[in-house]
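Contents: one structure, followed by commentary.
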Amino acid sequence: SDHMENIYGYLMKYTNLVTGWQYRFFVLNNDAGLLEYFVNEQSRHLKPRGTLQLAGAVISPSDEDSHTFTVNAASGEQYKLRATDAKERQHWVSRLQICTQHHTEAIGKNNPPLKSRSFSLASQGSANSPGVQRRPSQNAVSFFNVGHHRLPAGKRVPIMQPDHLVDVREMMSQAEGQQRDLIRSIECLPVSGHLTSLDQDLLMLKATSMATMNCLNDCFHILQLQHASQQKGSLPAGTTISWLEPKISLANHFKNGAAQNFPAEINKPASVREEQSIAEPCQLTREPEEINPDEELEDICDDKEDDLGAVEEQRSVILHLLSQLKLGMDLTRVVLPTFILEKRSLLEMYADFMSHPDLFIAITDGTTPEERMIRFVEYYLTSFHEGRKGAIAKKPYNPIIGETFHCSWRMPKSEVAADTGSNFSAHSPSEQVTLSKDLEGQTELDYYTVKFVAEQVSHHPPVSGFYAECVERKMCVNAHVWTKSKFLGMSIGVTMVGEGLLSLLEHGEEYTFSLPCAYARSILTVPWVELGGKVNINCAKTGYSASINFHTKPFYGGKLHRVTGEVKQNTTNTVVCRVQGEWNSVLEFTYSNGETKYVDLTKLSVTRKRVRPLERQGPFESRRLWQHVTESLRDGDIDKATEHKRALEERQRNEERLRAETETPWCTKYFLKEGDGWVYHKPLWKTVPAAQTQQTDTN
């Protein structure tokens with residue numbers, strides 16, 4: 001083809017080596033079907049810094065801007081590139097796509113049909129074993145093409161007719177069965193020999209095959225929608241077709257049975273004796289400890305989290321992790337690599353959802369049930385930006401059973417009063433620091449105090465309980481959350497199972513709410529996090545409810561991190577407020593009176609929590625418990641952080657085993673089991689007499 005010329009030039013490449021974009025000199029080698037890059041043009045005669053096989057690759061212009069595009073190789077590698085302008089991007093994308101198509105078709109012509117090439121992974125010892133046939137120089141593309149079907153020569157793909165969708169569904173069902181057999185065969189391989197279960201190509205195949213089947217299911221879903229639109233007319237303008245979560249039944253796809261074993265840690269590093277020497281929790285006092293807020297100091301810890309960026313340097317760690325996983329399995333018992341961790345416990349993350357205590361306190365100031373429900377929805381949606389630290393692709397520490405976290409916030413009463421209007425406060429960071437300093441000189445009557453306590457009440461399943469209260473405003477919130485993680489092939493899904501209850505004692509109202517799911521996407525390339533799912537907020541007494549949708553990234557069109565919702569009066573089915581925007585950026589609230597309010601979450605003031613100094617904390621309080629892991633992460637010493645983390649996890653396993661052997665039940669400290677949930681042992685609704693809290697609500 002006239003368009004098959006070699007091209008070269010400078011592009012920006014995203015890399016985590018310097019945390020950002022770097023200019024690199026790229027060369028498209030059409031003859032070899034390779035995209036190579038060098039540090040600069042002068043080093044072109046040297047060995048390339050990186051090479052991608054383009055056969056089977058996908059070239060995708062990004063919807064982030066008009067300059068960026070990605071090259072996704074069949075091996076799972078990804079280059080995220082940026083041209084100087086839209087014209088240059090189009091030039092590179094079109095040439096890459098032509099080269100990719102040429103070499104992909106060449107592979108199809110040169111490979112015989114699947115039937116004559118099929119083999120059993122279990123028969124590694126035979127002469128036809130791929131472990132014997134595959135030469136060290138054999139590239140990943142030809143290896144991954146072992147399972148490709150192709151049409152006999154001379155036949156063209158027929159135009160898809162509606163009745164052919166049934167045939168497609170049947171073929172996909174067969175493919176799903178073959179994929180299950182393939183994964184089982186890989187997992188049955190020995191750990192040593194010519195072909196092992198830890199072979200990097202097979203691990204990559206294991207990880208991507210599930211994602212491939214999900215993509216095929218999404219494409220089939222699109223075909224069904226197109227068929228429906230042909231019968232009813234075209235799709236409405238602005239329609240987006242979303243990626244659906246796996247349609248393969250994960251529960252039946254792979255069973256996460258008790259026989260699944262993971263490598264036990266057998267070495268005890270000398271540098272972590274302190275973590276191992278802490279006594280068995282039940283030997284410590286389990287009496288609830290009353291924390292005096294006056295002992296807490298404003299938090300000076302400012303651990304900024306950098307995103308993971310590209311993970312090329314950690315690829316071997318991730319591939320080793322994949323060797324332990326079964327698709328669809330629960331990740332509760334899987335030890336994740338240390339480099340993906342935030343410098344805080346999950347219990348502290350729940351506390352950070354309360355980083356806007358002024359909005360929390362102002363909920364009860366609503367003069368009508370409608371206004372109070374809207375205020376709660378506004379507070380709820382503003383909590384995720386700080387709680388999730390934006391969309392940082394890292395996870396907090398998994399709490400140890402018996403671990404607790406305490407903190408509080410102080411808010412000037414004048415600031416809360418100022419926030420009862422129609423607009424949020426938006427103090428700059430410097431103004432917020434000034435407010436915090438002013439608090440130190442104020443008397444007790446000048447500020448409200450919000451106290452928070454969280455406890456890890458169960459290890460298997462992992463359940464956390466947390467409770468916050470403002471005694472002066474006679475309001476509290478109690479919640480329990482069971483985090484269920486699932487391995488989905490190229491992503492990880494976390495479901496937050498549980499329920500929260502907000503009590504406004506002055507009004508005799510209770511609001512139940514749930515939490516959205518979280519997804520870590522692109523775990524082998526440039527990881528990122530999004531929230532997804534539908535949550536509901538209900539108040540049985542007033543008849544008001546809210547429905548909020550966290551939208552995952554659509555298949556095409558749409559935006560990242562989008563959220564929509566509405567508040568309605570159930571009796572009349574009247575919508576009184578609508579919300580749309582991004583949960584980590586800007587939210588737009590539209591009220592029934594026609595007014596509209598915009599909230600920029602990146603500019604919304606954050607009140608620093610108050611915590612006790614480490615030396616005043618108990619041995620099972622989060623910051624003291626994880627202090628050595630946190631310090632090592634701050635210093636960038638991943639190996640040392642891993643040693644300390646491993647010691648804590650090993651101690652927890654030993655304690656759990658001892659309790660099982662002695663049939664000793666675990667004793668919680670602050671939360672009591674009530675039905676399927678967990679409730680704080682001394683909630684405000686039990687300690688404050690009803691006569692003092694229940695006021696006649698004339699609204």
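Here are the numbers:
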item	result
Sorted peptide list for 649-658, 379-388, criterion being average Cβ within 10 angstrom, highest first	379-388, 649-658
Alpha-carbon Rg/Rh ratio, for the range 7-107, with Rh computed the Kirkwood way	0.94
Of 640/669; 395/609; 13/486, pairs whose Cα-Cα distance is over 22 Å	640/669; 13/486
Net dipole in debye of the range 7-107 [+1 Lys, Arg Cβ; -1 Asp, Glu Cβ; about Cα centre; nearest 20]	280 debye
Accessible area, probe 1.4 Å, largest first, for residues 666, 482, 409	482, 666, 409
Rounded to the nearest 10 Å², the accessible area of residue 534 at probe 1.4 Å	120 Å²
Difference of contour (0.36 nm per residue) and Cα-Cα distance, residue 597 to residue 664	18.6 nm
FRET efficiency for residue 220 and residue 635, using Cβ-Cβ distance with R0 set to 45 Å, rounded to 0.05	0.35
List 404, 512, ordered by accessible area with a 1.4 Å probe, largest first	512, 404
Entries in 343/603; 541/568; 451/686; 343/645 that, when Cα-Cα distance is taken, lie over 21 Å	343/603
Length released on extending from residue 571 to residue 499, taking residue separation times 0.36 nm less the Cα-Cα span	23.5 nm
Heavy-atom accessible area order for 352, 676, largest first, 1.4 Å probe	676, 352
Euclidean distance of C-alpha centroids, the range 165-226 and the range 590-649, integer Å	39 Å
Förster radius 60 Å - calculated FRET efficiency between residue 673 and residue 85 (Cβ-Cβ, nearest 0.05)	0.45
Extension gain (nm, one decimal) between residue 188 and residue 49, 0.36 nm per residue minus Cα-Cα	46.5 nm
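The values are calculated or read from the model by the stated rules, or taken from the named source; none is laboratory data. Here the structure is a predicted model, which is why all the values come from computation and not from measurement. Every residue, glycine among them, receives a Cβ derived from its backbone with ideal geometry; neighbour counts consider all protein chains shown. Protein only, heavy atoms only, side chains kept; ligands, DNA and RNA dropped before computing areas. Shrake-Rupley method; radii C 1.70, N 1.55, O 1.52, S 1.80 Å.
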